[in-house]
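Engineer: Dumping the structure here so I can ask a few things about it.
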Amino acid sequence: MVVPDDPRLALIAASYERLLGQPLVARGPDIAVAFWTAPRVIVAHGAEADPVFFYGNQLALQAFEMDFAAFSRLPSRYSAEPLARDERARLLERVTRDGYIDDYSGVRISAQGRRFRIDQAVVWNLVDADGRYHGQAATFDHWTPLD
């Protein structure tokens, strides 16, 4: 597969580093490859009224059992089971208010209907140098299948 590139990858990386004080991925000449091959899941959604994922790296696609084309059209609320969507909404409100959280745990669901748990996820706002909000991103190191 061709490594997906998006000009917003720099925004994801800069927002993370500004808020958490460390780089999200190793610095190098090709940010798209660094994101794609990172040893952690990295996902991001836009700022639409019903936010849609615009990025998921190869580990994210593995966890959610989707290809990039399908993942990048998925409203992010569908990454959680219907009963967990209220919890997810509260989490996103907390991130919007505080800039980031680094202690999120929750259950997600793959395209195949398999449930998995994520722990110690970091979720942060995507904010450019001028302070404009562009969405949110998340990263986590591993997931545990529940089914």
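Engineer: Taking only DSSP H segments of four or more residues, each worth -39500 (n - 2.57), what value at 222 nm results for the chain once the sum is divided by all its residues, to the nearest 500 deg cm²/dmol?
Structural biologist: Working: 5 runs with 44 residues, N = 147.
Mean residue ellipticity at 222 nm (helix-derived): -8500 deg cm²/dmol.
Engineer: So I have [x] 1.06; [y] 0.95; [z] 0.93, and one of them is Rg/Rh (Cα atoms, Kirkwood Rh) calculated from this model. Which one is it?
Structural biologist: [z]
Engineer: Calculate the spin-label point distance for Arg115 paired with Glu48, positioning each point 7 Å from the Cα along the beta-carbon direction, and give it in nanometres.
Structural biologist: Result: 2.8 nm between the two label points.
Engineer: Continuing with this model, one more query. Quick one: which of 114-127, 89-102 comes out on top by average Cβ neighbours within 10 Å, and what's the full order, highest first?
Structural biologist: Details: 114-127: 17.7, 89-102: 14.1.
My ranking of the peptides, most packed first, is 114-127, 89-102.
Engineer: Using θ = phi - 60° and the Karplus relation 6.51 cos²θ - 1.76 cosθ + 1.60, list the HN-Hα couplings for the range 137-145 in order, rounded to whole Hz, with x at every Gly or Pro.
Structural biologist: Values per residue, Gly and Pro as x: 9, 9, 9, 8, 7, 7, 9, 10, x Hz.
Engineer: Relative to the Cα centre, what is the charge dipole magnitude of the chain, using +1 at the beta carbon of each Lys and Arg, -1 at the beta carbon of each Asp and Glu, and rounding to the nearest 20 debye? Let's see the in-between values first.
Structural biologist: On the way: 16 positive and 20 negative charges, 34 e Å.
Computed about the Cα centre, the dipole is about 160 debye.
Just so you know, all these numbers are worked out from the coordinates, no wet-lab data involved. Note that the coordinates shown come from a computational prediction; the quantities given were computed from them, not determined experimentally. Using ideal geometry, Cβ is built from the backbone for each residue, glycine included, and neighbour counts are taken over all protein chains shown.
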